[in-house]
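The values are calculated or read from the model by the stated rules, or taken from the named source; none is laboratory data. Note that the structure is predicted; figures quoted are calculated from it, not measured. Note that we place each Cβ from the backbone using ideal geometry, even for glycine, and neighbour counts take in every protein chain shown.
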Amino acid sequence: MEIDPFIFRFSIFILSIFVGYYVVWSVTPSLHTPLMSVTNAISSVIIVGAIIAALAGSAEKVFETSSIFGYLAILLAAVNIFGGFLVTQRMLQMYKKKKK
Amino acid sequence: MSANLSATFYLISGILFILALRGLSSPETSRRGNYFGISGMIIAILVTFLSVGNFGQGLVFVLIFLLIGGLVGAFIAFRIPMTAMPELVAGFHSLVGLAAVFVAISAFLKPDAFNLGSVGSIKLASLIEMSLGAAIGAITFSGSIIAFLKLRGIMSGAPITFTGQHILNLILGISIIILIFYLCRSQSSNLFWALIAISFLVGILIIIPIGGADMPVVISMLNSYSGWAAAGIGFTLENTALIITGALVGSSGAILSYIMCKGMNRSFFNVILGGWGATEQSGADKNREQKPVKNGNADDAAFLMKNASSVIIVPGYGMAVAQAQHALREMVDALKKNGVKVSYAIHPVAGRMPGHMNVLLAEANVPYDEVFELEEINNDFANCDVAYVIGANDVTNPVAKSDPQSPIYGMPVLDVEKSKSVLFVKRSLSPGYAGIDNDLFYRDNTLMLFADAKKMTEEIVKSL
């Protein structure tokens, strides 16, 4: 019997939860705020779905209902990607060691 | 680009995201970690363009929207003050949630573009996945909006409760499941819209009963939800990068929620069911004002600290509100010139989001190796001359160790009372958010400094 590809994706999902569990516990508590902003930025990889949706329109009709939702999602995700990574970078620049 | 090749690249960007989080294990590696995250994102976006392979007019619009969004995001990122970080993160969560809803809607309206079947006969598994993605996304969106409004002060931080609230939430939760079930049988778009509408409502209803001071848990929880929403969409799109990221973000938010709950010694359900602190306030008010407190001024505080050999600073939300972090750093610099050893003690739930105090201190150029977590520093209070408590209250209350009747009993607290003297910078004797009187105010070795945290700290700097 053939294995449903869903099971493979589900395996990736479960294993990633475990990876996330161990990786996040090793994050130092002083960096918990950057952790939140960077997880925010990376979860905006949902933009790949938005791009597929936006480009699904035919050549004659660029804006149909489904592609409009795609464009809007691109806009929201882009705010998050740029905002999330840049604000994380800005915070991380501030963490400095004692001057010797 | 072939499907296999693009899937491989999505896997690579998923791994880069894991490395981005891994980098945060220490401040030295964190900046490199952020670059890994950025490269993962660039790879994912480029691969998507190549695999869709449609370079017509649509692509121009995609780039325009990407640019507009990017400019807005960059503008916000550079302008936002560090004290506003909790509401910024809440706002960003709402965007991820709404983006997930929009992607689910387009997948529902045009399933053939995503290889999910055709309108009216979408594959069953895909339909379940996109419904879950849309529902969790909608809850994340409206919940984060409420959290944003509360953190921003546009909406009162007081818990909003009414009778039958939990039952209403339960009914709505069950109706989401029923709707998904019937949606799968009929493929009716009306049911899909109803599902999204009810999920929006649920998001609002689950956040309004949670008080302003429990915001660290709320933000972490919404962080987790945004991850699960992304994972749901990832399953719909059969996209590994999205599945991996969703799982990472989901578990990250869940762990942060757990850490925050543990920092308050409360169960997760106790927090999300809400209503703590609103009832006990009245009882604590009565027996106050009768006990004498020692009232001091900036000169007394400066004298005490200048002659100390070690000082531990305990910042809390009050420091963030008063924007006192820069003045505090100046004070510490002046003390160090006098040969005083200074360190900072951070309670896990100080502030309005995980790690909030650390970011504010970093902004004020406080080196991160002078800042310690509760377990690292708690034993040092016994050998310390002065504890300078600025804008914190409940997290120092010894009643958490002594009185089993107290609502905060069992919560880990900073042992400031063990230091030789305690300086409390507070605007008044009013209790903290837990509504409990702090016995420390009336002790012989405590000096109360009644003032705005920033003004008082600046005055101390002057008298040093």
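Among B:S343, B:S419, which is surrounded by fewer than 21 Cβ atoms within 10 Å (Cβ to Cβ), over 29 Å from B:L222 (Cα atoms) and of a type in the set (S, T, Y)?
Exactly one residue qualifies, and that residue is B:S343.
Quick check: is even one residue across the stretch A:1-12 assigned to a helix (DSSP H, G or I), out of contact with any Asp or Glu (no Cβ under 9 Å at 6 or more places or on another chain) and crowded, with 22+ Cβ neighbours inside 10 Å?
There is no residue in the stretch A:1-12 that is assigned to a helix (DSSP H, G or I), out of contact with any Asp or Glu (no Cβ under 9 Å at 6 or more places or on another chain) and crowded, with 22+ Cβ neighbours inside 10 Å.
When the residues of the stretch B:98-121 are filtered to those that are at the interface with chain A (Cβ under 9 Å from one of its Cβ atoms), in contact (Cβ under 8 Å) with a residue 24 or more places away in the chain and among the small types (G, A, S), which remaining residue is surrounded by the most Cβ atoms within 10 Å (Cβ to Cβ)?
Among those that are at the interface with chain A (Cβ under 9 Å from one of its Cβ atoms), in contact (Cβ under 8 Å) with a residue 24 or more places away in the chain and among the small types (G, A, S), it is B:A100.
I want to confirm something. Restricting to the stretch B:57-78 and keeping residues that are within 30 Å of A:K96 (Cβ to Cβ) and aliphatic (A, V, I, L, M), which single residue is surrounded by the most Cβ atoms within 10 Å (Cβ to Cβ)?
Filtering first and then ranking leaves B:A77.
Taking only pairs six or more apart or across chains, which ones have beta-carbon atoms under 8 Å, a first residue in the stretch A:76-96 that is over 14 Å from A:V38 (Cβ atoms) and among the hydrophobic types (A, V, I, L, M, F, W, C), and a second residue that is at pLDDT below 95 and not in a helix (DSSP H, G or I)?
Going by the 8 Å Cβ cut-off, the qualifying pairs are A:M94/B:N365.
Out of curiosity, is B:E370 within 22 Å of A:R90 (Cα to Cα) and under 21 Å from the mean Cα position of the chain (by Cα)?
Considered against the rule, which asks whether it is within 22 Å of A:R90 (Cα to Cα) and under 21 Å from the mean Cα position of the chain (by Cα), B:E370 comes out as no.
Among the candidates A:Y71, A:Y21, which residue alone is part of a helix (DSSP H, G or I) and more than 29 Å from B:I76 (Cβ to Cβ)?
Among A:Y71, A:Y21, only A:Y21 is part of a helix (DSSP H, G or I) and more than 29 Å from B:I76 (Cβ to Cβ).
For the condition hydroxyl-bearing (S, T, Y) and touching a residue at least 24 places away in the same chain (Cβ under 8 Å), what is the one hit in A:T33, A:T39, A:T28?
The unique qualifying residue is A:T33.
I need the full set of residues from the stretch B:88-97 which are closer than 21 Å to B:L195 by Cα, at the interface with another protein chain (Cβ under 7 Å from one of its Cβ atoms) and touching a residue at least 60 places away in the same chain (Cβ under 8 Å), in order please.
Passing the criteria: B:H93, B:V96.
Name the helices (runs of 4 or more DSSP H) wholly within the stretch B:353-464 that hold at least 3 residues that are closer than 23 Å to B:L304 by Cα?
B:453-463
Would the stretch B:380-392 turn up any residue that is away from chain A (no Cβ under 14 Å), modelled with pLDDT of 85 or more and farther than 23 Å from B:I460 by Cβ?
Checked the stretch B:380-392: at least one residue is away from chain A (no Cβ under 14 Å), modelled with pLDDT of 85 or more and farther than 23 Å from B:I460 by Cβ.
Does the stretch B:169-177 include one or more residues that are surrounded by 14 or more Cβ atoms within 10 Å (Cβ to Cβ) and more than 28 Å from the chain's Cα centre (by Cα)?
yes
With B:S257, B:S251 as the choices, which residue is of a type outside the set (D, E), more than 16 Å from A:G84 (Cβ to Cβ) and more than 7 Å from chain A (Cβ to nearest Cβ)?
One residue alone meets the criteria, B:S257.
Which of the residues that make up the stretch B:16-42 are closer than 20 Å to B:G227 by Cβ, among the hydrophobic types (A, V, I, L, M, F, W, C) and without any contact (Cβ under 8 Å) to a residue 40 or more places away in the chain?
B:L16, B:L19, B:A20, B:L24, B:F36, B:I38, B:M41
Scan the stretch B:363-379 residue by residue and report those that are facing chain A (nearest Cβ under 7 Å) and closer than 23 Å to B:A213 by Cβ.
Matches in the stretch B:363-379: B:E363, B:V371, B:E373.
Return the only residue of B:S156, B:S142, B:S175 being outside any helix (DSSP H, G or I) and among the hydroxyl-bearing types (S, T, Y).
Among B:S156, B:S142, B:S175, only B:S156 is outside any helix (DSSP H, G or I) and among the hydroxyl-bearing types (S, T, Y).
Condition first: over 27 Å from A:I68 (Cα atoms) and either at the interface with chain A (Cβ under 8 Å from one of its Cβ atoms) or exposed (fewer than 14 other Cβ atoms within 10 Å of the Cβ) (or both). Can you find one or more residues in the stretch B:43-56 that meet it?
Checking the stretch B:43-56: not a single residue is over 27 Å from A:I68 (Cα atoms) and either at the interface with chain A (Cβ under 8 Å from one of its Cβ atoms) or exposed (fewer than 14 other Cβ atoms within 10 Å of the Cβ) (or both).
Restricting to the stretch B:69-87, give me the number of residues that are of a type in the set (A, V, I, L, M), at the interface with chain A (Cβ under 7 Å from one of its Cβ atoms) and in a helix (DSSP H, G or I).
5
Would you be able to tell me the number of residues in the stretch A:37-73 that are facing chain B (nearest Cβ under 7 Å), over 16 Å from B:G56 (Cβ atoms) and of a type outside the set (S, T, N, Q)?
Total satisfying the criteria: 12.
Which ones in the stretch B:15-39 are facing chain A (nearest Cβ under 7 Å) and part of a helix (DSSP H, G or I)?
Matches in the stretch B:15-39: B:F17, B:I18, B:A20, B:L21, B:R22, B:P27, B:S30, B:R31, B:N34, B:G37, B:I38.
On the given criteria, is B:S131 more than 14 Å from chain A (Cβ to nearest Cβ), of a type in the set (S, T, N, Q), under 28 Å from the mean Cα position of the chain (by Cα) and outside any helix (DSSP H, G or I)?
Against the criterion (more than 14 Å from chain A (Cβ to nearest Cβ), of a type in the set (S, T, N, Q), under 28 Å from the mean Cα position of the chain (by Cα) and outside any helix (DSSP H, G or I)), B:S131 does not qualify.
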